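The values are calculated or read from the model by the stated rules, or taken from the named source; none is laboratory data. Just so it is clear, the model here is predicted, and its values are computed rather than measured. Because the Cβ atoms are built from the backbone with ideal geometry, glycine has one as well, and the counts that use them run over all protein chains shown.
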């Protein structure tokens, strides 16, 4: 059961004439609209950054594809042993086996930094932060760039280095300071969905395809533009089928 099922059950079980009841179809419609609107641009922009980073860093792309090939062969062998149908696709359950893939996704989210100014907060009481006094009701805008590009946490923060998310054994290492979705109870409600989408796209796309700069002597430039979220200008890439 997902959140939509639970919400619809609550709609049936609660008084729809109660003005303080928020389990109503009109609120569900607004929630779905927010999820679609907020997730559409951010996820597609992250994928644009991911393809560009790997196109410009062929070494990282090769490491990613070597891992994907290895795990897919293991899946194929297991299917042959058990007699199960083999569809040649990665699914969410493969996530724990794909450390480098997870590292690539996390580094892309950190470096792309799509929402450098995160969602606003309001101080609910008088508080002191770093020697500064904030009165209750003060609007606070978290600037997560200061964390994602902190050299003490992420050395060479302007470089694409997926290995920073791997431990000494090559296993995926979660870094708590990687907070592209914000922090706390009011962080992005679509975080789990976005992480799933990015993982599945990365694993399945780069298992099938390899990307190159159309002109290696004049590759696309890495430059950010600010709209609702940070985005890249349009660029071209060459795509080659490999599996």
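For this structure, a couple of remarks:
- Flag for residue 240 being closer than 17 Å to residue 61 by Cβ, in a strand (DSSP E or B) and modelled with pLDDT of 90 or more: yes
- Helices (runs of 4 or more DSSP H) enclosed by the range 97-214 - at least 3 residues per element that are closer than 29 Å to residue 56 by Cβ and in contact with a helix residue (DSSP H, G or I) (Cβ under 7 Å, 6 or more places away or on another chain): 99-112, 191-208
- Residue check: residue 83 meets all listed conditions (1) out of contact with any helix residue (DSSP H, G or I) (no Cβ under 9 Å at 6 or more places or on another chain); (2) closer than 11 Å to residue 203 by Cα but one, namely (2).
- Residue under evaluation residue 90, criteria (1) in a helix (DSSP H, G or I); (2) within 25 Å of residue 239 (Cβ to Cβ); (3) touching a helix residue (DSSP H, G or I) at 6+ places or on another chain (Cβ under 9 Å); (4) modelled with pLDDT of 85 or more, criterion not met: (1)
- Count - residues of the range 184-199 that are over 12 Å from the mean Cα position of the chain (by Cα), surrounded by 14 or more Cβ atoms within 10 Å (Cβ to Cβ), in contact (Cβ under 8 Å) with a residue 40 or more places away in the chain and farther than 14 Å from residue 42 by Cα: 0
- Looking across the range 120-146, the residues that are closer than 21 Å to residue 231 by Cβ and surrounded by 12 or more Cβ atoms within 10 Å (Cβ to Cβ) come down to 142, 144, 145.
- The lone exception for residue 145 - which of (1) under 30 Å from residue 33 (Cβ atoms); (2) without any contact (Cβ under 8 Å) to a residue 60 or more places away in the chain; (3) in contact with a strand residue (DSSP E or B) (Cβ under 6 Å, 6 or more places away or on another chain) it fails: (3)
- Boolean, residue 33 is within 20 Å of the chain's Cα centre (by Cα), surrounded by 13 or more Cβ atoms within 10 Å (Cβ to Cβ) and assigned to a helix (DSSP H, G or I): no
- Count of the range 4-21 residues which are assigned to a loop (DSSP other than H, G, I, E, B) and surrounded by 12 or more Cβ atoms within 10 Å (Cβ to Cβ): 2
- Scanning the range 89-108 for residues that are within 21 Å of residue 47 (Cβ to Cβ), without any contact (Cβ under 8 Å) to a residue 60 or more places away in the chain and surrounded by fewer than 21 Cβ atoms within 10 Å (Cβ to Cβ) returns no hits.
- Checked across the range 209-228, the condition of being within 17 Å of the chain's Cα centre (by Cα), touching a residue at least 24 places away in the same chain (Cβ under 8 Å) and farther than 19 Å from residue 99 by Cα holds for at least one residue.
- Residue count for the range 111-140, restricted to those that are out of contact with any strand residue (DSSP E or B) (no Cβ under 8 Å at 6 or more places or on another chain) and within 19 Å of residue 193 (Cβ to Cβ): 1.
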